[in-house]
Ligand SMILES: [Fe+2]
């Protein structure tokens, strides 16, 4: 009997020493650290990414843009799923699907931090935190619409972590009625840490526009460098799950082409880790298929983004592989304009120079280009950091 009492006492003591859900109810355990930033918007979906200051399970709530109070009813909730299970992490990446094309939605992000003692295997959540639509205007996102008459986008590249340049170029974006911003590579010189990404441009992107205007972060050769580079697609997901994909909006289709590294994979600066040759071969197979797709063929205006511009006259290994693998396909694909970067200075090559069948426009490292697309063609503006328009173009069909 005494033995039984001793066991019961020990069990009671153990129970009292364990945290219980009630013990932690009311504790705030995670806040938004950065974001959200909109990614991979399509005509039926969008993806929201954000960071929390502690591990948490997140979700996104959406509401129609109908003027109703956000708290009028229980709004649909969307969760991240890792093979059917919600992750607990500081990086949150949630896709909202099943939407109507060309439609504006309101959204907010929420998370619940986790309280666990080091020796406790249970999951105990703190109180939910996140965007409060009572205190702030909910964020907005508009799905793409292949039937839209017009399409406006902005291109920047080669920022190389210079946040002051990024801010100067991006400050007016929200007022300029831009549908999306395309980063055309080398936004950092090397991807070494999350903090570097935040300081380099991501904090400013979220502050200036990325909560409501999506950006598409196409890799340049420098985004393959550094041990954090493996995370690029986790922070900047694409619709294909690969670093190459297509955007279809209004009259335009845009090929977002991954350039790979510029030097041979065997170069000592890559530590034997690069297999760009293999990846470009895979990309070329995808490219040959996508330019035969109805989506591509139906687009009135066809654009390609590629960080390293094509060069007919030899050059570095990466450029030569682009020439060998991509250019024969692109020359036959009806491209109206290619937009590149990499060389850091402005350049325009009419058809017949860098490519036989289309012009190649290279945006400088400290400038941006605005593009307005209709079924009749493309109007473009070259703009410097002060906002001055340096040149305008018309690419008529
Ligand atoms: Fe580059």
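Points worth noting:
- Residues of region 199-243 that turn out to be surrounded by fewer than 21 Cβ atoms within 10 Å (Cβ to Cβ), under 12 Å from the mean Cα position of the chain (by Cα) and within 16 Å of the ligand (Cβ to nearest atom), as a count: 1
- Qualifying residue in region 244-263 (condition: within 18 Å of residue 310 (Cα to Cα), assigned to a helix (DSSP H, G or I) and more than 16 Å from the chain's Cα centre (by Cα)): no
- Region 275-299: number of residues that are buried (at least 17 other Cβ atoms within 10 Å of the Cβ) and outside any helix (DSSP H, G or I): 2
- Check on residue 272, outside the structural domain of residue 51 (by TED's automatic domain parsing), away from the ligand (no atom under 16 Å from the Cβ) and either at pLDDT below 95 or crowded, with 19+ Cβ neighbours inside 10 Å (or both): yes
- A single entry from 267, 258 fulfils the requirement of being at pLDDT below 95 and within 16 Å of the ligand (Cβ to nearest atom): 267.
- Within region 300-334, the set of residues being more than 16 Å from the ligand (Cβ to nearest atom), surrounded by fewer than 21 Cβ atoms within 10 Å (Cβ to Cβ) and in a loop (DSSP other than H, G, I, E, B) comprises 300, 312, 313, 314, 332, 334.
- Yes/no for residue 396 being modelled with pLDDT under 95 and either on the phi > 0 side of the Ramachandran plot or in contact with a strand residue (DSSP E or B) (Cβ under 7 Å, 6 or more places away or on another chain) (or both): yes
- Residue count for region 168-185, restricted to those that are more than 16 Å from the ligand (Cβ to nearest atom) and on the phi > 0 side of the Ramachandran plot: 1
- Residue in region 340-348 that is within 16 Å of the ligand (Cβ to nearest atom), surrounded by 18 or more Cβ atoms within 10 Å (Cβ to Cβ) and assigned to a strand (DSSP E or B) present: yes
- Filtered residues of region 52-80 (kept if over 26 Å from residue 115 (Cα atoms) and either in contact with a helix residue (DSSP H, G or I) (Cβ under 6 Å, 6 or more places away or on another chain) or part of a strand (DSSP E or B) (or both)): 62, 63, 64
- Members of region 144-164 found to be more than 15 Å from the ligand (Cβ to nearest atom) and either under 18 Å from residue 217 (Cα atoms) or outside any loop (DSSP other than H, G, I, E, B) (or both), listed by number: 144, 151, 152, 153, 154, 163, 164
- Condition broken by residue 140, with the remaining ones in (1) more than 24 Å from residue 43 (Cα to Cα); (2) surrounded by fewer than 22 Cβ atoms within 10 Å (Cβ to Cβ); (3) within 17 Å of the chain's Cα centre (by Cα) satisfied: (1)
The values are calculated or read from the model by the stated rules, or taken from the named source; none is laboratory data. Keep in mind it's a predicted model, so treat the numbers as computed, not measured. Note that each Cβ is placed from the backbone with ideal geometry, even for glycine, and that neighbours are counted across all protein chains shown.
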